[in-house]
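Student: Got a structure for you, questions after.
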Amino acid sequence: MKKLKVLVAAVCLVLVTNVSQAQTKIGYIDAETVLYLMPEVAKIDSMMRIYQTDTIGREYTSLLQNYQHKDSILRDTVAHPLVPAVKEQYQKDLFQLTQTLQSWNELAQQAYQNKQNQLLAPVMKRINDAINAVAKEKGYTHVLSRETLLVAPEADNLLQAVAKKLNITVPPQLLPGYKPPVGGGVR
């Protein structure tokens, strides 16, 4: 009788384990690849180059010119002597501008990143919505980033399905089973 109870418990455990495994389906995708395949990204890259040059670069140039102007006035005290209070103010201004210029790179990177995030947010939302829709359609309970997996079956790669949902073309080299052309090597 005791053996029968153990056998029934073991069978129940196996059945519960099989049911819980059947409910979990895991897929994966390289969302960054999808992002770079989106047509809007080229426009955003162009806008970011303009932002870098016209906004961030312009501000840096203005700060640098201000610094150089005040520095030249301080250095030219032989031809044009300054009143001590004015000279002290120029020295304080130069010190402050030096600090600002030194931290400018960090500020510029942060401003650039914020602007890029702002412009990419709608695109990322479309990608996430497409990933969620494909996962739901195909019965995936979990979708992981491709970078987190060392080994993964191609059948669970959602790249093609998400690209189709977003109406974008996947280059052949990103498709499963792609083999580069033979014979095009360098001699």
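Student: Do we have any residue at all in the range 97-117 that's closer than 30 Å to LYS164 by Cβ and either under 17 Å from the mean Cα position of the chain (by Cα) or among the hydroxyl-bearing types (Ser, Thr, Tyr) (or both)? Give the steps one after another, and end with the answer.
Tutor: Step one: of the range 97-117, the residues closer than 30 Å to LYS164 by Cβ are 116-117.
This time we only want the ones that are either under 17 Å from the mean Cα position of the chain (by Cα) or among the hydroxyl-bearing types (Ser, Thr, Tyr) (or both), so: 116-117.
Yes, the range 97-117 has at least one match.
Student: The conditions are (1) modelled with pLDDT of 90 or more; (2) over 30 Å from LYS136 (Cα atoms), and TYR60 fails exactly one of them. Which is it?
Tutor: Here TYR60 meets the rest and fails (1).
Student: While we're on this one: Could you figure out which of (1) at pLDDT below 95; (2) assigned to a helix (DSSP H, G or I); (3) under 30 Å from VAL34 (Cβ atoms); (4) not hydroxyl-bearing (Ser, Thr, Tyr) isn't true of VAL86?
Tutor: VAL86 satisfies every listed condition except (3).
Student: Filter the range 108-136 down to the residues that are under 12 Å from LEU35 (Cβ atoms) and among the polar types (S, T, N, Q) and list them by number.
Tutor: GLN116, ASN128
Student: If the Cβ limit is 9 Å and pairs must be 6+ apart or interchain, which residue in the range 110-127 that is surrounded by fewer than 16 Cβ atoms within 10 Å (Cβ to Cβ) and at pLDDT 95 or above pairs with which residue that is among the polar types (S, T, N, Q) and part of a helix (DSSP H, G or I)?
Tutor: Sorted first by the residue in the range 110-127, then by its partner, the pairs are MET124/ASN117.
Student: Just to check your reading of the model, which residue among LEU149, LEU166, LEU144, LEU174 is surrounded by 10 or more Cβ atoms within 10 Å (Cβ to Cβ), out of contact with any Lys or Arg (no Cβ under 8 Å at 6 or more places or on another chain) and under 19 Å from VAL41 (Cβ atoms)? Talk me through it step by step, then tell me what you get.
Tutor: Working: LEU149 fails: under 19 Å from VAL41 (Cβ atoms); LEU166 fails: out of contact with any Lys or Arg (no Cβ under 8 Å at 6 or more places or on another chain); LEU144 fails: under 19 Å from VAL41 (Cβ atoms).
The conditions single out LEU174.
The values are calculated or read from the model by the stated rules, or taken from the named source; none is laboratory data. If you're wondering where the values come from, they're calculated on a predicted model, not measured in any experiment. With ideal geometry, Cβ positions are generated from the backbone for all residues, glycine too; neighbour counts draw on all protein chains shown.
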